[in-house]
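Laboratory data are not the source of any read-out in this text; all were calculated from the coordinates shown. Quick caveat: nothing in here was measured; it's all calculated off a predicted structure. Please note: Cβ atoms are built from the backbone with ideal geometry, for glycine as well, and neighbour counts cover all protein chains shown.
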Amino acid sequence: MVNVAEKLYTLSYEIDAKSHIIIDEKACLKCDKKPCLNICPAEMFTLASDGKTVVNSYEGCLECGTCYLVCKTLSWSYPRAGYGVNFRKV
Amino acid sequence: MMNFDAIIVGAGPAGSSAALNLARAGKKTLLLERGTYPGSKNLSGAAVYDLKMLEEIYPNFSKEAPIERFLVKKDIAFITEEEIMQIGYKKESFAGASFGGVTVLRSKFDAYLAEEAVKAGATLITEALVTKVLKENGIIKGVIINNQDIVYAPIVIASDGINSFIAKACGLQKDFTTDNFSLGVKEIIALPEEVINERFHLNGNEGATMELVGSVTGKAYGGGFIHTNKDSIAIGVVAQVESLENTKLKPYELLENFKNHNAIAPLIKGGKTIEYGAHLIPEGGYNCFPKLSDAGIMVAGDAAGMVMVTGYLLLGVNYAIESGRCAGETAVEAINNNDYSAESMKTYETKLKECGLLDSFKNMRKTPHNLVNNKNLQNQYPYAIVDIMNQMYSMPEKPMPKLKKTIFTVGKKNQIKLKELVKDIWKMGGSIGW
């Protein structure tokens, strides 16, 4: 198991109070593959305890857009200006 | 009310280059960046090629740009779980010039490019997300920033990156499909400069880069890369999105396996991961370009899908800068002629053709399909190539067979079908060879 959270700690975030990723739970119920679970490089999507729906967070989002590419039912936009991930001048 | 000659959305390599060219021509230029500073949202390997072109646009580029290292060494490798076979090229006559590429840290590099545009006279506003493109009777009038501030200009250049919401909103972008995109994940691992020089056989500010294909991506399609920065190593995995979906492989697990590979681990041993990141890469090439321009608008860089995949090289930043220049120059002409029609904007394509960009992509238009999305090439041949080496040196057969027999044995063992091999060689040749 890779500790993704530990990787995300290397980044600097300005976290908005509102999520820029909104999933459609009804669509998740009908989705067998659930590609979001494995593909998100920040592991922002996890299977809910019911084993059918998906729970998402947004705070560690790397803003790559892959979830939006593999799932036509979720709504994703860039975070509000000034918020989200910052790649630092390391 | 704020009026400009041109508004550029996104201060990445494409946007800053467009802004630079507009500002140099004395045009009132607005460069908008959604991040807190240019580069704060941008990520790639990052090796940047075509120094000659860069020097033309940015005089003193080699001396002034925040370059990590000058590339003198390039390795291409086939890798399996237990073996690796490398083909290396090194230019030994290093005298302040590389074979054409440098490594950079995007957050510093992009900030430099934007700063150059500002020095030339462009206005940069950060933390400015364009939430709407303003149109009147189909004619572009400007944009709305952060859902509240209106800025006016007759030209908008969409250089807002891979997910280009601007190109989509203006109806220029095609529908995205997962087989035309790859996801890159990367870590920057800090190591002392001397250690990097020793491990990669480098002197001073010489740099090395490595691209690997084979077990790096498991059954998914793609590869791995390693770039040397001054006092860090960038290590990453790039995997085609559709194949990730199908294999259910997790990108960070691929990266972790890659880092732990016996051939790779010694290179990064003792290093500390100081940054993790991910980015989508448009790998569809020429066939996936959007409509590049329309009345009052042009699309440049990643937003236009201008990343080239050849199998031995992944190029994006140079084409972003070059397309930005073409868009900037086109905008200058349009402003001078006071003509923002679709016809006038077509000059952009003419310029892209003149500088060779368009034809480079046309030449390589088959590589995304034939190389990146070729199952045999991704999952089978790297194993066979490495196995041939193994057979040659482990001397499993006596008497020692001729090479032909060794290759035949390996082919059979790896279930390579001659008919498919010939077809693949033909396909590969047709993509990058002839």
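Quick notes
- Average projection area in nm² (convex hull over Cα atoms of region B:240-299, one quarter of hull surface): 7.2 nm²
- Which of B:Phe109, B:Phe200 has the fewest Cβ neighbours within 10 Å, and the rest in rising order: B:Phe200, B:Phe109
- Measuring r between the beta carbons of B:Glu56 and B:Lys91 and using R0 = 22 Å, the FRET efficiency lands at 0.50.
- A compact globular protein would have a Cα radius of gyration near 2.2 N^0.38 Å; the ratio found for region B:173-287 is 1.14.
- Using only side-chain charges placed at the Cβ, +1 for Lys and Arg and -1 for Asp and Glu, the dipole size of region B:341-395 relative to its Cα centre rounds to 120 debye.
- Cα-Cα pairs of region B:283-324 separated by more than 16 Å (percent): 34 percent
- Rg and Dmax of region B:323-434, Cα atoms only, in Å: 24.2, 80
- Partner lysines for B:Lys272 [C-alpha distance under 21 Å; skip if fewer than 8 residues away on the same chain]: A:Lys7, A:Lys89, B:Lys108, B:Lys186, B:Lys230, B:Lys259
- Whole-Å distance, taken between Cα centres, linking region A:73-90 and region B:154-222: 18 Å
- Each residue in A:Trp76, B:Trp434 was given a count of other beta-carbon atoms within 10 angstrom of its own, and listing them fewest first yields B:Trp434, A:Trp76.
- Legend: mean number of C-beta atoms from other chains within 10 angstrom of residue C-beta atoms, peptide B:244-256, equals 5.
- When chain B is treated as a GNM with alpha-carbon contacts under 10 Å, the residue of B:Lys351, B:Lys119, B:Lys108 showing the greatest mean-square fluctuation is B:Lys119.
- In this entry, chain B is assigned a mean projected area of 22.1 nm², taken as a quarter of its C-alpha convex hull surface.
- Taking Cα centre as origin and charging only the Cβ of basic (Lys, Arg, +1) and acidic (Asp, Glu, -1) residues, the dipole magnitude of the protein assembly as shown rounds to 1360 debye.
- Filter on B:Lys398/B:Lys423; A:Lys18/B:Lys119; B:Lys52/B:Lys366 - keep pairs with C-alpha separation over 31 Å: B:Lys398/B:Lys423; A:Lys18/B:Lys119
- Out-of-range pairs (alpha-carbon distance over 27 Å; input B:Lys74/B:Lys269; A:Lys72/B:Lys419; B:Lys74/B:Lys362; B:Lys219/B:Lys353; B:Lys291/B:Lys419): A:Lys72/B:Lys419; B:Lys219/B:Lys353; B:Lys291/B:Lys419
- The alpha carbon centroids of region B:341-417 and region B:62-89 are separated by 18 Å.
- About the Cα centre, charge dipole magnitude for chain B (Lys/Arg +1, Asp/Glu -1 at Cβ), debye: 1260 debye
- The gain in end-to-end length when the B:Leu403 to B:Leu313 segment is fully stretched comes to 29.4 nm, 0.36 nm per residue minus the alpha carbon separation.
- Scaled to the globular estimate 2.2 N^0.38 Å, the Cα spread of the protein assembly as shown, given as radius of gyration, is 0.98.
- Calculated from backbone phi, Karplus (6.51, -1.76, 1.60) coupling profile of region A:49-63 in Hz, x at Gly/Pro: 5, 6, x, 10, 9, 10, 10, 10, 10, 9, 4, x, 4, 8, 6
- Each of A:Tyr83, B:Tyr276 was scored by other Cβ atoms within 10 Å of its Cβ. Listed from fewest to most, they are A:Tyr83, B:Tyr276.
- DSSP bridge pairs, the protein assembly as shown: antiparallel proportion in percent, nearest 5: 75 percent
- Three principal axis lengths of chain A [C-alpha, angstrom, descending]: 42, 31, 21
- Backbone amide hydrogens, once placed in the peptide plane, bring B:Leu172 within less than 5 Å of nothing, excluding anything fewer than 5 places away on its chain.
- Derived from the Cα gyration tensor, the three semi-axes of the equivalent ellipsoid of region B:251-350 are 41, 13, 11 Å, largest first.
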